[in-house]
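Right, one structure below, let's go through it.
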Amino acid sequence: MNDTVIFYATAGIGHKKAAVAVKEAFDKALRKDVLLADVLDYTSDFFRLSYGAIYLFLIKHLPTIWGFCYYVLDNPVVYFFLSPIRRLVNHVNSGKLVKFLLETKPKTVIVTHFMPSEVIAHLKKKGLLSTRLISVITDYRSHSFWLSEYIDCYAVGSEHTKEDLERRGVPPGKIMVSGIPCASSFSKEHDTEKIRRKEGLQSGKPTVFVLGGGFGIGPIKRIVMNLDRARQDFQVIVVCGYNAKLYKEVKKIARFAGHRFRVYGFIDNVNELMAISDVLVSKSGGITVTEALNAEVPMIVVRPIPGQEMRNYGFLKKNKAAAKIKRPEDIVRVVEDLIGSGELKILRENVKKIRLVGSAEKIVDSALMRTIPRA
């Protein structure tokens, strides 16, 4: 029997990363009665297979349509009329999830995605479940999909997110500014010289880290091509994720490049590469931003898609903790300006001001009722 369940959804990689970080914090607390699960495994086959695929297709090929849907559905009036449709879709497809919850009746459920939150909140509303529901918002602004009066605690990434929830009518006593959970390895001290030697990188030379995320999304190839045209001397790390085609193309560019490039596919030591980097070039997904903040590396945000990425960048911009490019061709100018001036140091100092570490441990403490957010 599991007293606590942590649900994520495989719509991108970030929700799972946050959930895994919370599970690791439970393990450190020697709590073994905790289940980590993909909520889509408790839905119909069609729903499970299409949910993440549709999301990835939209953000990769139709980001404008994704952004339009994101903002429209966040309008309170629109959401009021469409929420019954959402409830119906979840009802039709989440029979296995409902059965699991009613049979096991976990004391606490922690969610890093809004889909299971809606189902659990509905069961609580009907009086079928008394589970304590903790919702971990994995971006730096909320969205109507995250909201329910039956959520007992919101774990959020910043005071900025808390203020956003309060404007939406969430009582302050339900909101805990924990930070967004990510692997503790991003905030620990590293032997940077040892890492540089291992990765074949030079000590003392500025290092630019181009991260395509787990799926290698974004204009990575064009960014790499433009970086190699830079006059300043720096070295470049490129991670292509699971995108095998991108990896082959970037490796080919690197083979004939004038700058020192290190190119990787999917790796599990991103934390080490961030630790030796002066600046990170990437998309502004909630977990990527959090990992960069924990590692104290400033970001150059690449063409954030409308929706959560734009809002996450807005959080960084408000705190003067990142730069942005709209076109890959702009990367050389921005990198050279940052490295050639004192602005990179300023960005790093601002990153330190908004960095929140130990987020997963704070959520575990709340789950175990050691700490409860108060007004």
Filter pass, VAL170 being on the phi < 0 side of the Ramachandran plot, over 21 Å from the mean Cα position of the chain (by Cα), surrounded by 14 or more Cβ atoms within 10 Å (Cβ to Cβ) and not assigned by TED's automatic domain parsing to the domain that holds ASN226: yes
Over the range 169-193, the set of residues basic (Lys, Arg) and at pLDDT below 95 is LYS188
Can you tell me which condition TYR70 does not meet? The list is (1) at pLDDT below 90; (2) of a type in the set (Phe, Trp, Tyr); (3) buried (at least 19 other Cβ atoms within 10 Å of the Cβ), and all the others hold. (1)
Out of the residues in the range 245-278 meeting the condition of being farther than 18 Å from ARG222 by Cα and of a type in the set (A, V, I, L, M, F, W, C), tell me which one is surrounded by the fewest Cβ atoms within 10 Å (Cβ to Cβ). ILE267
Of (1) farther than 20 Å from ALA183 by Cβ; (2) in contact with a Gly (Cβ under 9 Å, 6 or more places away or on another chain), THR207 satisfies every one except (2)
Out of the residues in the range 73-87 meeting the condition of being aliphatic (A, V, I, L, M) and surrounded by 14 or more Cβ atoms within 10 Å (Cβ to Cβ), tell me which one is farthest from the chain's Cα centre (by Cα). LEU82
For the range 88-130, which positions are without any contact (Cβ under 8 Å) to a residue 60 or more places away in the chain, in contact with a Lys or Arg (Cβ under 8 Å, 6 or more places away or on another chain), crowded, with 18+ Cβ neighbours inside 10 Å and not in a helix (DSSP H, G or I)? LEU129
Suppose we filter PHE47, PHE68, PHE26 for residues that are over 27 Å from SER178 (Cα atoms) and in contact with a helix residue (DSSP H, G or I) (Cβ under 7 Å, 6 or more places away or on another chain); which single one remains? PHE47
Only one of SER284, SER341 that is among the hydroxyl-bearing types (Ser, Thr, Tyr) and without any contact (Cβ under 8 Å) to a residue 12 or more places away in the chain: SER341
For the range 218-232, the count of residues that are modelled with pLDDT of 90 or more and surrounded by fewer than 17 Cβ atoms within 10 Å (Cβ to Cβ) equals 1
How many residues of the range 268-309 are over 17 Å from the mean Cα position of the chain (by Cα) and of a type in the set (Val, Ile, Thr)? The answer is 2
When you scan the range 131-145, do you find a residue that is of a type outside the set (Lys, Arg), closer than 15 Å to ILE287 by Cβ, in a loop (DSSP other than H, G, I, E, B) and not assigned by TED's automatic domain parsing to the domain that holds LYS23, even just one? no
For the structure I just gave you, tell me whether GLN235 is at pLDDT 90 or above, in the same structural domain as ASP337 (by TED's automatic domain parsing) and out of contact with any helix residue (DSSP H, G or I) (no Cβ under 9 Å at 6 or more places or on another chain). yes
Residues within the range 237-250 that are closer than 16 Å to LEU280 by Cα and out of contact with any Asp or Glu (no Cβ under 8 Å at 6 or more places or on another chain), tallied: 4
Test PHE266 against the stated conditions and say whether it is part of a loop (DSSP other than H, G, I, E, B), modelled with pLDDT under 95, of a type in the set (Phe, Trp, Tyr) and on the phi < 0 side of the Ramachandran plot. yes
Within the range 55-67, which residues are surrounded by 12 or more Cβ atoms within 10 Å (Cβ to Cβ) and in a helix (DSSP H, G or I)? TYR55, LEU56, PHE57, LEU58, ILE59, LYS60, PRO63, ILE65, TRP66, GLY67
Of GLY200, GLY213, GLY157, the only residue that is within 23 Å of ARG262 (Cβ to Cβ) and either at pLDDT 95 or above or within 19 Å of the chain's Cα centre (by Cα) (or both) is GLY213
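The values are calculated or read from the model by the stated rules, or taken from the named source; none is laboratory data. As the structure is a computational prediction, the values presented were derived from the model and not from experiment. A quick note on method: Cβ atoms are made from the backbone with ideal geometry, for glycine too, and the neighbour counts reach across all protein chains shown.
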